[in-house]
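Everything below concerns the one structure shown next.
The values are calculated or read from the model by the stated rules, or taken from the named source; none is laboratory data. Computed from a predicted structure; not experimentally measured. Here the Cβ is made from the backbone with ideal geometry for all residues, glycine too, and neighbour counts use every protein chain on show. Heads up: the accessible areas ignore ligands, DNA and RNA and are worked out on the full protein's heavy atoms, side chains in. Shrake-Rupley method; radii C 1.70, N 1.55, O 1.52, S 1.80 Å.
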Amino acid sequence: YANIVKQHLEINNMNAFRSCTTTVSDGISMGTSGMNYSLPSRELQADSIETMLNAHHLDGGVIIPGCDKNLPASVMGIARVNRPSMIVYGGSILPGIHKTKQIDIVDAFQSYGQEISGAITSDEREEIIDKACPCSGSCGGMYTANTMAIALEVMGITLPNSSSNYSASPEKIQECRDVSTTMEYLIKNNITPKDIITQRSIYNAIKVCCALGGSTNMVIHILAIANELGLRITLNDFELISKQVPYIGNLKPSGEKYIYDLYQIGGTQKVIRYLYEQGYLSGDTYSVTGKTLMEQC
């Protein structure tokens, strides 16, 4: 994705400078002392983004995160610098297929308990592990990565359906190509993250995530994002907002479906449209496209 973004920025007469930051995979470090580094890595990543943008006097940033902590870290970093910037979500993984049933990484984790209890054989467990993750992308349900990707899309800091375009989908590739025109618009008009992400857009994000049954980790991450933006969001806000919207999601881990299923019915923008039309969302918040939520969805 970085190569596609860089290529199209340069086609559009913008110089592109690539850099990387650290990240921690909870899936690898889970159950080990490695998890001691997981949440602190968010601050390390935000510091790294801030450092690279400021140290090299870059006009703006395109950040491409794809996991639990680097999604909020990306917003925190660009908010500190507050230059024209946007985020491209790396995308969700496709579900695997085992005996005609969709499966994901959690099925691989649970297969161990199933094997030792005698519910499945060792060979079947190996087959589940082999098929659970068929391609690149973040965990396929409404776990933290996809929850935060949806939150950032609703906040307006990504292009439409960035959170539901699965990894390596044609739409994700086109999204990377479209970054150049979006960044040109943001830079020419000096539109920064603090112009886009407001109290109302964060409230919208919380509502959509609650409606879809998002990860409770969004609480700690949205509080951190709000702090970087100088916005006052509290735990009480989450409690009140969660009671204002219906639960319409049937997504893992509380439900049965995957982000890929959301993609197939029109993506995150379709959910935003429904909740807006039902009167739950503020329609006057802006996105990196220059359109309001009402105009875009």
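Taking Cα atoms only, the orientation of helix 38-55 departs from the longest principal axis of the chain by about 30 degrees.
When only Cα pairs below 8 angstrom with a gap of at least 6 residues are kept, the chain shows a relative contact order of 20 percent. Of the residues I49, N36, N3, the one whose Cα sits farthest toward the positive end of the charge dipole of the range 1-55, with +1 on the Cβ of Lys and Arg and -1 on the Cβ of Asp and Glu, is N3.
The length gained by stretching the chain between R177 and M294 to full extension, at 0.36 nm per residue less their Cα-Cα distance, is 39.7 nm.
Using a probe radius of 1.4 angstrom, the carbon and sulfur fraction of the accessible surface of the chain is 51%.
Dividing the summed helix terms, -39500 (n - 2.57) for each DSSP H run of n ≥ 4, by the number of residues in the chain produces a 222 nm estimate of -15500 deg cm²/dmol to the nearest 500.
When we measure straight from the Cα of K69, which aspartates and glutamates land under 14 angstrom away, once same-chain ones fewer than 8 places off are left out? Reachable aspartates and glutamates: D26, E43, D47. Distance between the modelled labels on T100 and I248, one decimal in nanometres: 3.1 nm (7 Å Cα→Cβ projection). Direction-averaged projected area, Cα convex hull, the range 14-66: 4.1 nm², rounded to one decimal. Applying 1/(1 + (r/R0)^6) with R0 = 35 Å to the Cβ-Cβ distance of S33 and S282 gives a FRET efficiency near 0.20. Per residue, the accessible area of the chain comes to 46 Å² when a 1.4 Å probe rolls over the protein heavy atoms. Along the Cα-to-Cβ line of E124, 7 Å from the Cα, sits a label point; which residues in the range 74-102 have backbone N less than 12 Å from it? Taking a point 7 Å out along Cα→Cβ of E124, the residues of the range 74-102 whose backbone N falls under 12 Å are 99. Seen from all directions on average, the range 118-161 presents a Cα convex hull projection of 4.3 nm². Charging the Cβ of each Asp and Glu at -1 and of each Lys and Arg at +1, and nothing else, the dipole of the chain about its Cα centre rounds to 560 debye.
Classified by the C-alpha gyration tensor, the range 220-297 has an oblate form. Its axis ratio a/c, with a ≥ b ≥ c, is 1.5 or above, and a/b does not exceed b/c. Angle of helix 70-81 to the longest C-alpha principal axis of the chain, folded into 0 to 90 degrees and rounded to 10: 10°. Taking only Cα atoms, what is the 0 to 90° angle, nearest 10, from helix 105-116's long axis to the longest principal axis of the chain? With both axes taken from Cα atoms, the answer is about 20 degrees.
When the pairs K172/K270; K99/K172; K207/K252; K131/K252 are compared against a 24 Å limit on Cα-Cα distance, K99/K172 fall above it. Using bins of 5 Å that start at zero, the share of Cα-Cα pairs per bin across the range 110-244 amounts to 2, 9, 15, 16, 14, 14, 10, 8, 6, 3, 2, 1, 0, in whole %. The accessible area of R273, taken with all protein chains in place and a 1.4 Å probe, comes to roughly 70 Å². Averaged over every viewing direction, what's the projected area of the C-alpha convex hull for the chain? Give it in nm², one decimal, please. Directional mean of the projected Cα hull area for the chain stands at 15.7 nm². Note on the range 1-92: percent of Cα-Cα distances in each 5 Å bin, starting at 0 and stopping at the bin with the largest distance, equals 3, 14, 23, 23, 17, 10, 6, 3, 1, 0.
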